[in-house]
1. Can you tell me which residues in the stretch 61-99 are β-branched (Val, Ile, Thr) and touching a Phe, Trp or Tyr at 6+ places or on another chain (Cβ under 8 Å)?
2. Restricting to the stretch 192-210, name every residue that is part of a strand (DSSP E or B), more than 21 Å from Ser80 (Cβ to Cβ) and of a type outside the set (Lys, Arg).
3. Which residues, taken from the stretch 46-68, are within 18 Å of Ala141 (Cα to Cα) and at pLDDT below 95?
4. Given the conditions (1) buried (at least 18 other Cβ atoms within 10 Å of the Cβ); (2) modelled with pLDDT under 80, and given that Gly42 satisfies all but one, which numbered condition is not satisfied?
5. Go through the residues of the stretch 182-191 one by one and say whether even a single one is within 30 Å of Arg218 (Cα to Cα) and assigned to a strand (DSSP E or B).
6. How about the stretch 80-97: which of its residues are open to solvent by 30 Å² or more (accessible area, probe 1.4 Å) and without any contact (Cβ under 8 Å) to a residue 60 or more places away in the chain?
7. Checking the condition in contact (Cβ under 8 Å) with a residue 60 or more places away in the chain and either surrounded by 13 or more Cβ atoms within 10 Å (Cβ to Cβ) or touching a Gly at 6+ places or on another chain (Cβ under 8 Å) (or both), which residue from Trp110, Trp147, Trp117 passes?
8. Output the number of residues of the stretch 205-246 satisfying the condition of being under 16 Å from Leu56 (Cβ atoms) and surrounded by 18 or more Cβ atoms within 10 Å (Cβ to Cβ).
Amino acid sequence: MKISFNYFTSLIALILLFSFESNAQNTRSFFSVTGGYSLPVGELAREKLDDPFAGLTGSGYFGQANYDFRVARWIGLRASGSMNINKTNSQPILDKANSYAQILNESFTWQSKVSNWKLNALMVGPALYINMNRVQLELHAQAGKVWANSPTVDLVGTSEAGGAPINVSLKKASTSAFGLAGGASLRLPLSGALFFQLSGDVIGAEAEIKDVTIRAVRGSFDFSEQVSEKRFIGVVNVGAGFGFAF
């Protein structure tokens, strides 16, 4: 029996469509939530002489939500949203305050009050999946937006020689920048669509700090100064959580 060209092309198209639909049914999405330990990286995490912002950020914790759409068995797209809250180390501002005390040629004892650093990020990018029986290793690289809120630091210094106290403060500032992220997660199946996940991520950005004022006042003396610089800010997040495959 002779098969016409139109019939043959229609048959090929039907086979391709069926193959596409079968692959689509095998394509899976993943939604996961993780949380854990956060460690700062970059200039704000390293102590440096004559830099009141260096070493200002300490460890903390994070929460992150992720959505993966697998376009093929081994590759997909991943969107992530994260929130970091990190402790503030007041020592760099305290060192700055002591430099003002040297100008006054006095010694001070200090009381400090600080708030937390906050860093939020929205990221999207490709993900690679390596399947090892039922265990899955996921690797990703992402780009997006980073928002950072610097802390407030308030110091009150009491002179050992008496007299009026000196007040030193760093006011909160907000900044945003284009950021990059990368990391991996290990997914271990539990029951049905539920899985347990271990994850690690690095998030960073070159952010500009504009007109941040370090205020230092004692009576008629005013040592206040403004800082406007670009700094690399970032965090390393390591944690665990749960997710669903669907």
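The values are calculated or read from the model by the stated rules, or taken from the named source; none is laboratory data. Since this is a predicted model, take the numbers as computed values, not measurements. Quick reminder, even Gly has a Cβ in these numbers, built from the backbone with ideal geometry, and neighbours come from all protein chains shown. Areas reflect the complete protein model, heavy atoms only, side chains present, ligands, DNA and RNA absent. Shrake-Rupley method; radii C 1.70, N 1.55, O 1.52, S 1.80 Å.
1. First, the residues of the stretch 61-99 that are β-branched (Val, Ile, Thr): 71, 75, 85, 88, 93.
Listed by number, the residues that qualify are Ile75, Ile85, Thr88.
2. Initial filter on the stretch 192-210 (part of a strand (DSSP E or B)): 194-210.
Remaining after also requiring more than 21 Å from Ser80 (Cβ to Cβ): 208-210.
Matches in the stretch 192-210: Glu208, Ile209.
3. Taking the stretch 46-68 first, the residues within 18 Å of Ala141 (Cα to Cα) are 64-68.
Residues satisfying the conditions do not exist here.
4. Going through the list (1) buried (at least 18 other Cβ atoms within 10 Å of the Cβ); (2) modelled with pLDDT under 80, Gly42 breaks only (1).
5. Going residue by residue through the stretch 182-191, those that are within 30 Å of Arg218 (Cα to Cα) are none.
Checked against the condition, which is being within 30 Å of Arg218 (Cα to Cα) and assigned to a strand (DSSP E or B), the stretch 182-191 yields no hits at all.
6. Within the stretch 80-97, the subset open to solvent by 30 Å² or more (accessible area, probe 1.4 Å) is 83, 85, 87, 89, 91, 94-96.
Met83, Ile85, Lys87, Asn89, Gln91, Asp95, listed by residue number.
7. On the way: Trp110 fails: in contact (Cβ under 8 Å) with a residue 60 or more places away in the chain; Trp147 fails: in contact (Cβ under 8 Å) with a residue 60 or more places away in the chain.
None of the others qualify; the one that does is Trp117.
8. 8
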